[in-house]
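My questions will all concern the structure given below.
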Amino acid sequence: MRRVTAALALTALAGCAGAPPAGSAPGPAAEGRLVLMGTTDLHGWILPYDYYTGERTNNGLAALVPLMDSVRAANPGRTVLVESGDLLQGNPLDFVHRRLAEGEEHPLVRAMNLVEYDAAAIGNHEFNYGIEHLDRAAAAARFPFISANIFRAGTDQHAYRPSTIVERTVGGRTVRIGITAVTPPGVLIWDRDNVQGRLDFREIVPSVRPVVADLRARGADVVLVAAHGGLEGSSYDTAATGVPAENASAAMAREVPGIDVIFMGHTHREVADTTIDGVLVQQAKNWGTSLAVAELDLRWEDGRWTVANKRGRVLRPAPGSTSPRLEAALADAHERTRAYVAQVIGTSEAEWTSALARTRDTPILDLINDVQMRATGAELSAASAFSLTSRIPQGPVTVADVAGLYVYDNTLKAIRISGAQLRAYLEKSAEYYLPCPALACDTLTNPSIPGYNYDVVSGVDYTLDLTKPVGQRLVRLERNGRAVMPADSFTIAINNYRASGAGGFSMLIGAPVV
């Protein structure tokens with residue numbers, strides 16, 4: 001009821017704005033409202049359906065469509081819709097459609113075309129399946145994929161459109177909305193094999209500053225940045241890698257004049273209404289869980305629109321929300337994906353769960369590490385418990401069951417490291433746990449460190465003492481009953497993300513691939 005009341009109030013306000021005196025001909029209004037909407041990190045979530053569990057959910061682009069329709073109905077012709085990146089990888093639907101033929105429409109792009117997006121930022125996961133996959137997906141879009149900080153390698157030529165301008169009519173006058181976007185430079189680490197020598201990913205603030213200035217020079221009344229990045233900081237060591245920080249939204253707000261609104265992404269967090277130096281900063285929740293809405297009150301002054309006031313909110317879909325139009329349009333892609341994940345690939349004599357995989361030895365992590373060692377021939381293997389809700393059922397095991405254990409489309413490498421590097425690696429991983437004097441702690445894990453940055457290594461025996469200071473917790477490290485020495489050498493199976501040093505594991509940077 002509250003959503004309906006709000007929508008009616010917006011409609012009434014829009015109808016009253018600039019109303020002419022009785023008996024006079026209506027003229028252009030001096031005030032009006034523009035509404036910006038944003039999603040981010042859809043990661044293939046089109047329909048409200050979990051391909052890992054086979055159950056309906058309350059998220060996905062289709063679940064947000066009724067909210068979008070409501071906002072558009074309350075503000076006819078005065079809305080803009082953007083996505084802040086990470087579309088083309090992230091769940092089985094994306095995986096099944098990872099090899100697009102020339103001219104083929106990616107299912108998520110088809111859905112976004114139907115919903116009438118105005119622009120999409122290029123996220124880091126857009127490169128997981130290669131540049132050609134991104135380019136083919138973008139070619140079928142009726143909206144631009146944009147980024148201000150991706151350049152052709154060794155040149156100052158933008159590899160993708162750095163910006164776009166869309167027009168709306170507010171109060172009988174045209175308002176021009178400039179949209180730009182940024183991509184995490186960390187792509188140079190995470191997807192080095194796919195982009196090295198072909199694309200440069202440059203520092204965000206110096207890249208976006210001239211693009212925003214250009215938008216203003218071209219007559220943009222409002223400037224929106226779709227930033228695939230959080231407020232500040234980086235998950236990798238910028239000094240050791242030489243790669244600029246991935247999260248720069250706060251810096252953009254402070255250092256780039258001319259920005260009105262930033263819709264963030266990448267960090268999978270939700271930010272409703274934050275203002276930094278006059279810039280409204282928001283973030284929708286990932287996987288189509290919520291919709292960011294920025295309401296801008298405009299005033300006509302000196303022959304142009306200016307932003308008089310702005311406020312943000314996030315909206316979540318009502319239980320059971322969906323879009324019958326998207327359900328019908330994506331039926332073939334949906335059924336193709338369901339058929340793929342339903343394939344039986346093995347059997348299990350017992351049920352395995354990942355619920356305690358970050359605190360004790362579990363068969364699920366042993367399985368991943370054993371498979372990695374067999375595939376590479378490495379002596380050791382490292383893996384994370386990406387989810388604490390995944391399970392291998394007793395009885396038939398399907399693609400969906402196994403895919404739920406390892407949701408990222410990483411590639412596997414075998415690298416050579418020393419005993420000293422192994423020790424540093426395990427100490428870094430142990431930062432996931434908070435200091436725990438006397439082993440009496442209410443909170444065991446560090447909320448600032450994501451679980452996927454806690455790795456478990458198989459092939460060695462080791463003990464962590466959480467009563468000791470960070471960096472001094474590895475009190476035992478042995479292989480085959482012998483203490484590991486700094487000069488020892490091992491091969492270790494590891495995913496490409498971690499091998500690149502991502503997550504702050506700089507001790508692995510440059511380790512030779514065997």
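The values are calculated or read from the model by the stated rules, or taken from the named source; none is laboratory data. Note that the coordinates shown come from a computational prediction; the quantities given were computed from them, not determined experimentally. Ideal geometry is used to build each Cβ from the backbone, glycine not excepted, and the neighbour counts take in all protein chains shown.
Just to check your reading of the model, which residue among GLU431, GLU351 is within 25 Å of the chain's Cα centre (by Cα) and charged (D, E, K, R)?
Checking each option against the conditions leaves just GLU431.
What residue, of ARG99, ARG173, is at pLDDT 95 or above, on the phi < 0 side of the Ramachandran plot and of a type in the set (Lys, Arg)?
ARG173
In the range 303-347, how many residues are touching a residue at least 24 places away in the same chain (Cβ under 8 Å) and in a loop (DSSP other than H, G, I, E, B)?
Count: 11.
Among (1) surrounded by 19 or more Cβ atoms within 10 Å (Cβ to Cβ); (2) out of contact with any Ser or Thr (no Cβ under 9 Å at 6 or more places or on another chain); (3) among the small types (Gly, Ala, Ser), which single condition is ALA245 missing?
(2)
Continuing with the same structure: Please enumerate the residues belonging to the range 112-147 that are within 18 Å of the chain's Cα centre (by Cα), within 24 Å of ARG338 (Cβ to Cβ) and touching a residue at least 60 places away in the same chain (Cβ under 8 Å).
Listed by number, the residues that qualify are HIS125, ASN128, TYR129.
Based on what the data block shows, is ILE177 among the β-branched types (Val, Ile, Thr), under 20 Å from the mean Cα position of the chain (by Cα) and within 20 Å of THR40 (Cα to Cα)?
no
Condition first: among the aromatic types (Phe, Trp, Tyr) and not in a loop (DSSP other than H, G, I, E, B). Now tell me which residues in the range 106-148 satisfy that.
Once the filter is applied, which keeps residues that are among the aromatic types (Phe, Trp, Tyr) and not in a loop (DSSP other than H, G, I, E, B), the range 106-148 yields PHE127, PHE145.
Would it be correct to say that VAL293 is out of contact with any Cys (no Cβ under 7 Å at 6 or more places or on another chain), surrounded by 14 or more Cβ atoms within 10 Å (Cβ to Cβ), without any contact (Cβ under 8 Å) to a residue 40 or more places away in the chain and under 30 Å from GLU167 (Cα atoms)?
Judged against the criteria, VAL293 is not a match.
Could you say whether any residue in the range 356-365 is free of Cβ contacts under 8 Å to residues at least 40 places away in the same chain and more than 30 Å from SER489 (Cα to Cα)?
There is at least one residue in the range 356-365 that is free of Cβ contacts under 8 Å to residues at least 40 places away in the same chain and more than 30 Å from SER489 (Cα to Cα).
Quick grid of which residues meet (1) over 22 Å from TYR160 (Cβ atoms); (2) touching a residue at least 60 places away in the same chain (Cβ under 8 Å); (3) of a type in the set (A, V, I, L, M, F, W, C):
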{"residue": "THR174", "(1), (2), (3)": "yes, no, no"}
{"residue": "ILE179", "(1), (2), (3)": "no, yes, yes"}
{"residue": "ASN194", "(1), (2), (3)": "no, yes, no"}
{"residue": "PRO206", "(1), (2), (3)": "no, no, no"}
{"residue": "THR241", "(1), (2), (3)": "yes, yes, no"}
{"residue": "SER249", "(1), (2), (3)": "no, no, no"}
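Just to be sure I understand, how many residues within the range 267-302 are at pLDDT 95 or above and either assigned to a strand (DSSP E or B) or farther than 30 Å from ALA111 by Cα (or both)?
So the answer is 21.
To keep it simple, each residue is scored yes or no on (1) in contact with a helix residue (DSSP H, G or I) (Cβ under 7 Å, 6 or more places away or on another chain); (2) over 14 Å from ALA226 (Cα atoms); (3) at pLDDT 95 or above.
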{"position": "MET112", "(1), (2), (3)": "no, yes, yes"}
{"position": "VAL115", "(1), (2), (3)": "yes, yes, yes"}
{"position": "ALA119", "(1), (2), (3)": "no, no, yes"}
{"position": "ILE131", "(1), (2), (3)": "yes, yes, yes"}
{"position": "ARG142", "(1), (2), (3)": "yes, yes, yes"}
{"position": "HIS158", "(1), (2), (3)": "no, yes, yes"}
{"position": "ARG161", "(1), (2), (3)": "no, no, yes"}
{"position": "THR164", "(1), (2), (3)": "no, no, yes"}
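Here is a check on your reading of the model: is PHE151 surrounded by fewer than 23 Cβ atoms within 10 Å (Cβ to Cβ), of a type outside the set (Gly, Ala, Ser) and not in a loop (DSSP other than H, G, I, E, B)?
yes
It is to be established whether one or more residues within the range 74-88 are without any contact (Cβ under 8 Å) to a residue 12 or more places away in the chain, within 24 Å of LEU199 (Cα to Cα) and either in the same structural domain as PRO185 (by TED's automatic domain parsing) or assigned to a helix (DSSP H, G or I) (or both).
no
Here is a further query. Only one residue in GLY404, GLY451, GLY419, GLY459 is in the same structural domain as ASN496 (by TED's automatic domain parsing), at negative phi and in contact with an Asp or Glu (Cβ under 8 Å, 6 or more places away or on another chain), so which one is that?
Checking each option against the conditions leaves just GLY419.
Still on this structure: Take the residues in the range 281-304 that are among the aliphatic types (A, V, I, L, M) and in contact with a Phe, Trp or Tyr (Cβ under 9 Å, 6 or more places away or on another chain); name whichever of them is nearest to ARG56 (Cα to Cα).
Restricting to residues being among the aliphatic types (A, V, I, L, M) and in contact with a Phe, Trp or Tyr (Cβ under 9 Å, 6 or more places away or on another chain), the top hit is ALA284.
Here's a follow-up. Scanning for something β-branched (Val, Ile, Thr), more than 26 Å from VAL293 (Cα to Cα) and surrounded by 18 or more Cβ atoms within 10 Å (Cβ to Cβ), does the range 195-218 turn up at least one residue?
Looking through the range 195-218, at least one residue is β-branched (Val, Ile, Thr), more than 26 Å from VAL293 (Cα to Cα) and surrounded by 18 or more Cβ atoms within 10 Å (Cβ to Cβ).
Here is a follow-up. Kindly indicate which of ASP277, ASP332 is among the acidic types (Asp, Glu), farther than 27 Å from LEU61 by Cβ and not assigned by TED's automatic domain parsing to the domain that holds LEU405.
ASP277
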